[in-house]
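The values are calculated or read from the model by the stated rules, or taken from the named source; none is laboratory data. Treat the numbers as computed from the prediction; the structure is a model and nothing was measured. Note that each Cβ is placed from the backbone with ideal geometry, even for glycine, and that neighbours are counted across all protein chains shown.
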Amino acid sequence: MDASKRSYEFEEYEKYYGDSVQVKKIMEDCPCCGSKFVVTHSPNAGSLIVEETSRCLDCDFGQKKVIHILN
Ligand SMILES: [Zn+2]
């Protein structure tokens, strides 16, 4: 449903909203072991979407993907 999708995205924005240092920490550090994520960006030419993949190399946290839509 569109409504639930929208509220999920809103939650994500709220989570990242705050002073820039805190946002940077949420974005870059592994919540599992505290190591820096390795972040890669995969621009998808033609669709105006950039896929950001965060990976932790120090534990098995796995991947966290964020889709950026370019306006
Ligand atoms: Zn980790």
- Query: Residues of the stretch 31-68 being of a type in the set (S, T, N, Q) and away from the ligand (no atom under 13 Å from the Cβ), which ones?
  - Reply: Thr40, Ser42, Asn44, Ser47, Thr53
- Message: Residue under question is His41, and the condition is that it be assigned to a strand (DSSP E or B) and either in contact with a helix residue (DSSP H, G or I) (Cβ under 9 Å, 6 or more places away or on another chain) or modelled with pLDDT under 85 (or both); does it hold?
- Response: no
- Please name all residue pairs, on different chains or six or more residues apart, with Cβ atoms under 6 Å, provided the first residue is in the stretch 55-70 and is in contact (Cβ under 8 Å) with a residue 12 or more places away in the chain and the second residue is of a type in the set (S, T, N, Q) and assigned to a loop (DSSP other than H, G, I, E, B). Cys56/Ser35; Asp58/Ser35
- Query: Which of (1) surrounded by fewer than 11 Cβ atoms within 10 Å (Cβ to Cβ); (2) touching a strand residue (DSSP E or B) at 6+ places or on another chain (Cβ under 6 Å) is the odd one out, the single condition Asn71 does not satisfy?
  - Reply: (2)
- Gly62 vs. criteria at pLDDT 75 or above, loosely packed, with under 12 Cβ neighbours inside 10 Å and more than 14 Å from the chain's Cα centre (by Cα): no
